[in-house]
Amino acid sequence: MNMKIAFVGKGGSGKTTLSSLFIRHLAAHQAPVVAVDADINQHLGAALGLDEAETAALPAMSAQLPLIKDYLRGSNPRIASAETMIKTTPPGAGSRLLRVSESNPVYDACARPVRLDGGEIRLMATGAFTESDLGVSCYHSKAGAVELCLNHLVDGPDEYVVVDMTAGADSFASGMFTRFDMTFLVAEPTRKGVSVYRQYKEYARDFGVALRVVGNKVQTRDDAEFLRDEAGDDLLTVFADSGWVRAMDKGRPARFELLEQENRAALEMLRHTARESYAGRDWDRYTRQMVHFHLKNAASWANERMGADLAAQVDPGFVLGEEALLQGALPQPA
């Protein structure tokens, strides 16, 4: 099985904490994982146990955008130059794809290995806002590199791509929310906690987004019942208030195997559900949605900015997926 998984939720819901615990759970099962911090606050590294200096040293994907574009463009004749690629540019014949477990210039520039209990993962980050960004840039200018990579990524058997998304419903300003096999929405047992769930479900309804709710900071049976009343069958499982997490937040991490058994069971439920979601993967729909958002962005702003009709970048005969690789349609560098 191979899965692209997003964690979303209200700010303060514990979204980054749960995504980091899920990544640790996958690493403990020796699964190949690419973890991406696409949240503007850039806390995933710390949640995975990196210290302040190590987190600050993570390369910013947004700073490597020219390299990413040049590599992914490959020999695609429909793309005049790497400079004309935008965050939604889809692959076509001659483009290069990314694989989770391979070595390539994008990972060399943007990913760093992180040793965890029982395994090792690759960690990538969009990059934090800097003083030069204030007043002139938005979150989406940072996350564009992530979206472009997801558009060119074919994950292989038992591989995982886990993305810690920006808080709230801000990710709907781009098509990135459709790039996942499963979206886990982290919700606290409060009215504010479930409000983002309702908003997210409404936005995602027309795009076939697979969405499950994960309750967090659940202390009582009433907390769990509240979430069940609000989310119904979308509620997958709940994560109980955790002394292990509190120790981690204090900088006193215990071995991951000491995480509370009920919370380990909840993480396994997430892994099982993610694996089951693969059966519903539709590469044709995935490609159509990619093209849909590219044409939308081209018409609304990119054609004017680039001085070209970027609809011409779409390869109408191309479908992203394992078959494209098996048929050699996307040659990789030697």
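Please indicate, with yes or no, whether at least one residue in segment 159-174 is in a helix (DSSP H, G or I), small (Gly, Ala, Ser) and under 18 Å from LYS296 (Cα atoms). Show your work before the answer.
Within segment 159-174, the first condition is being in a helix (DSSP H, G or I), and the residues that meet it are 170-173.
Filter once more, keeping what is small (Gly, Ala, Ser): 171, 173.
Applying the additional criterion that residues be under 18 Å from LYS296 (Cα atoms) yields 171, 173.
Yes, some residue in segment 159-174 is in a helix (DSSP H, G or I), small (Gly, Ala, Ser) and under 18 Å from LYS296 (Cα atoms).
Give the residue that is nearest to PHE180 (Cα to Cα), with candidates limited to residues of segment 255-280 that are open to solvent by 40 Å² or more (accessible area, probe 1.4 Å) and assigned to a loop (DSSP other than H, G, I, E, B). Give the steps one after another, and end with the answer.
Initial filter on segment 255-280 (open to solvent by 40 Å² or more (accessible area, probe 1.4 Å)): 255, 257-258, 260-262, 264-265, 268-269, 271-272, 275-276, 278-280.
In the following step, the residues that additionally are assigned to a loop (DSSP other than H, G, I, E, B) were identified as 255, 260.
Values: ARG255: 30, GLU260: 28 Å.
It comes out as GLU260.
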Checked segment 103-126 for anything of a type in the set (D, E, K, R), more than 14 Å from GLU54 (Cβ to Cβ) and in contact (Cβ under 8 Å) with a residue 40 or more places away in the chain; matches are ASP117, GLU120, ARG122
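Tell me, please, whether a residue that is open to solvent by 40 Å² or more (accessible area, probe 1.4 Å), more than 20 Å from the chain's Cα centre (by Cα), under 30 Å from HIS29 (Cα atoms) and hydrophobic (A, V, I, L, M, F, W, C) can be found in segment 231-251. Can you show your working first?
In the first step, residues of segment 231-251 are kept if they are open to solvent by 40 Å² or more (accessible area, probe 1.4 Å); the result is 233, 238, 241, 246, 249-251.
Subset that is more than 20 Å from the chain's Cα centre (by Cα): 233, 238, 241, 246, 249-251.
Next, from what is left, pick out any that are under 30 Å from HIS29 (Cα atoms): 233, 238, 241, 246, 249-251.
Now narrow it down to the ones that are hydrophobic (A, V, I, L, M, F, W, C): 238.
Yes, segment 231-251 has at least one match.
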Do we find that ALA63 is within 30 Å of LYS250 (Cβ to Cβ), among the hydrophobic types (A, V, I, L, M, F, W, C), modelled with pLDDT under 95 and open to solvent by 10 Å² or more (accessible area, probe 1.4 Å) in this structure? no
Return the residue satisfying two criteria in turn: it lies in segment 179-198 and is in contact with a Gly (Cβ under 8 Å, 6 or more places away or on another chain) and within 20 Å of ARG275 (Cα to Cα), and of such residues it is modelled with the lowest pLDDT. ASP181
Do we have LEU295 as more than 20 Å from ALA80 (Cα to Cα), modelled with pLDDT of 80 or more and either within 25 Å of the chain's Cα centre (by Cα) or open to solvent by 20 Å² or more (accessible area, probe 1.4 Å) (or both) here? no
Identify, from the list ALA56, ALA47, ALA28, ALA35, the residue that is under 14 Å from MET124 (Cα atoms), more than 15 Å from the chain's Cα centre (by Cα) and open to solvent by less than 60 Å² (accessible area, probe 1.4 Å). ALA47
Test: ILE40 is at pLDDT 95 or above and hydrophobic (A, V, I, L, M, F, W, C): no
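Go over the candidates GLY74, GLY94, GLY118 one by one and state the one that is modelled with pLDDT of 95 or more, on the phi > 0 side of the Ramachandran plot, open to solvent by less than 60 Å² (accessible area, probe 1.4 Å) and not charged (D, E, K, R).
Values: GLY94 fails: modelled with pLDDT of 95 or more; GLY118 fails: modelled with pLDDT of 95 or more.
Selected residue: GLY74, the only one of GLY74, GLY94, GLY118 that is modelled with pLDDT of 95 or more, on the phi > 0 side of the Ramachandran plot, open to solvent by less than 60 Å² (accessible area, probe 1.4 Å) and not charged (D, E, K, R).
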Answer yes or no: is there a residue in segment 194-206 that is over 27 Å from GLU147 (Cα atoms) and touching a helix residue (DSSP H, G or I) at 6+ places or on another chain (Cβ under 6 Å). no
Which one of these is at pLDDT 90 or above and under 14 Å from the mean Cα position of the chain (by Cα): VAL218, VAL213, VAL162? VAL162
Pull out all pairs, ordered by first then second residue, where Cβ-Cβ is under 6 Å, the residues are six or more apart or on different chains, the first lies in segment 275-293 and is more than 21 Å from PRO91 (Cβ to Cβ), and the second is open to solvent by 50 Å² or more (accessible area, probe 1.4 Å) and among the β-branched types (Val, Ile, Thr). none
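Take segment 183-217 and flag every residue that is in a strand (DSSP E or B) and surrounded by fewer than 23 Cβ atoms within 10 Å (Cβ to Cβ). Steps first, answer last, please.
Step one: of segment 183-217, the residues in a strand (DSSP E or B) are 183-187, 211-217.
If the condition is that a residue be in a strand (DSSP E or B) and surrounded by fewer than 23 Cβ atoms within 10 Å (Cβ to Cβ), then LEU211, ARG212, LYS217 are the ones that fit.
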When segment 298-334 is examined, which residues are found to be modelled with pLDDT under 90, within 19 Å of ALA82 (Cβ to Cβ) and surrounded by fewer than 19 Cβ atoms within 10 Å (Cβ to Cβ)? PRO331, GLN332, PRO333
Can you name the number of the only condition in (1) within 28 Å of LEU21 (Cβ to Cβ); (2) open to solvent by 50 Å² or more (accessible area, probe 1.4 Å) that ALA80 fails? (1)
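The values are calculated or read from the model by the stated rules, or taken from the named source; none is laboratory data. Just so it is clear, the model here is predicted, and its values are computed rather than measured. Please note: Cβ atoms are built from the backbone with ideal geometry, for glycine as well, and neighbour counts cover all protein chains shown. Note: accessible area is taken over every heavy atom of the protein model, side chains too, but ligands, DNA and RNA are not part of it. Shrake-Rupley method; radii C 1.70, N 1.55, O 1.52, S 1.80 Å.
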